[in-house]
1. Pull out a ≥ b ≥ c, the square roots of the eigenvalues of the alpha-carbon gyration tensor of the chain, then state rounded if a/c is under 1.5, prolate if not and a/b is larger than b/c, and oblate in the remaining case.
2. With an 8 Å cut-off on Cα pairs and a minimum separation of 6 or more residues, tell me the relative contact order of the chain in percent.
3. Using alpha carbon centroids, what distance separates region 139-156 and region 87-110, in Å?
4. With no solvent and one point on each alpha carbon, what is the Debye value of log10 I(q)/I(0) for region 21-80 at q = 0.16, 0.17, 0.29 Å⁻¹?
5. Could you work out the helix-only [θ] at 222 nm for the chain, with each DSSP H run of four or more residues adding -39,500 (n - 2.57) and the total divided by the number of residues, to the nearest 500 deg cm²/dmol?
6. Would you pull out the residues with amide H under 5 Å of R154's amide H, same chain only if 5 or more places away, H placed 1.01 Å from N?
7. What's the longest bit of the chain with no exposed GluC sites (Glu not before Pro), using DSSP loop states and at most 14 other Cβ atoms within 10 Å as the test?
8. Can you work out the Karplus-derived ³J(HN,Hα) for every residue in region 122-131? Use 6.51 cos²θ - 1.76 cosθ + 1.60 with θ = phi - 60°, whole Hz, and x for glycine or proline.
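Laboratory data are not the source of any read-out in this text; all were calculated from the coordinates shown. Being a predicted model, the structure only gives us computed values, none of them experimental. Cβ: placed from backbone, ideal geometry, glycine included. Neighbour counts: every protein chain shown.
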Amino acid sequence: MLAQDGEGVGRMHTGCIEVVCGSMFSGKTEELLRRIRRARFARQAVQLFKPRVDNRYDALKVVSHEGVSADALPVAHSEELLGCVAAETAVVGIDEVQFFDPAISGVVQRLAGQGMRVIVAGLDQDYRGEPFGPMPTLMAIAEYVTKLHAVCARCGAQACRSQRLVAREEQLFVGGAATYEARCRRCFVASAVTMEL
Ligand code: ADP
Ligand code: MG
Ligand code: ZN
């Protein structure tokens with residue numbers, strides 16, 4: 001069995017990048033928090049970040065759709081994140097990483113180069129089904145990529161897309177269960193604005 005994440009690597013201080021991706025409701029935040037919790041059990045110094053744009057639930061916490069949460073530091077951009085990472089930190093977690101500026105991939109590379117285990121979670125596709133912001137680059141430079149699936153709200157198949165249920169065209173429109181649902185490739189409608197949902 002191949003290693004699915006860098007848990008062992010983190011202990012060796014070799015540094016690595018892990019990407020947890022998938023559609024909305026696929027369990028990215030749950031998986032990120034699970035890895036963070038295990039690192040804390042191993043008494044590793046952990047820092048958890050989130051982009052400041054996303055304040056759906058709580059400005060100072062990362063919260064899953066099931067309500068599981070952990071304290072997190074909101075940062076406005078990748079440079080601010082870099083400035084907040086303490087030298088003694090062993091594991092850096094970042095949720096909703098798709099919302100960061102393109103420089104986030106360089107910041108993550110640098111932290112991993114310093115021996116940190118960097119775990120990032122984010123949407124691999126936007127509401128149109130297009131690759132989301134820095135995700136393709138992060139997935140390419142990562143040692144470990146985990147792609148999770150939700151359950152299609154229409155047919156129950158494995159879902160890989162996030163269907164926007166409101167007519168908004170901007171890529172960054174933060175919402176929850178009222179404004180998005182998970183859909184499979186077949187049930188997904190690419191343009192929420194002009195087509196019948
Ligand atoms: P993500 O961060 O990927 O958006 P979360 O980790 O916050 O996802 O939440 C995952 C949880 O969402 C699941 O454990 C499940 O309880 C719930 N959930 C709600 N709708 C769905 C769905 N359509 N498919 C799968 N899980 C769903
Ligand atoms: Mg999430
Ligand atoms: Zn479907």
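1. Prolate shape, in that a/c is at least 1.5 and a/b is the bigger ratio.
2. About 28 percent, as a whole number.
3. Cα centres, region 139-156 to region 87-110: 19 Å.
4. Relative scattering, expressed as log10 I(q)/I(0), comes to -0.53, -0.60, -1.28.
5. Numbers: 5 runs with 44 residues, N = 197.
When only DSSP H runs of four or more count, the value is -6000 deg cm²/dmol.
6. The list, which skips near neighbours in sequence, is C184.
7. 89-168
8. x, 6, 7, 10, 7, 5, 8, x, 8, x
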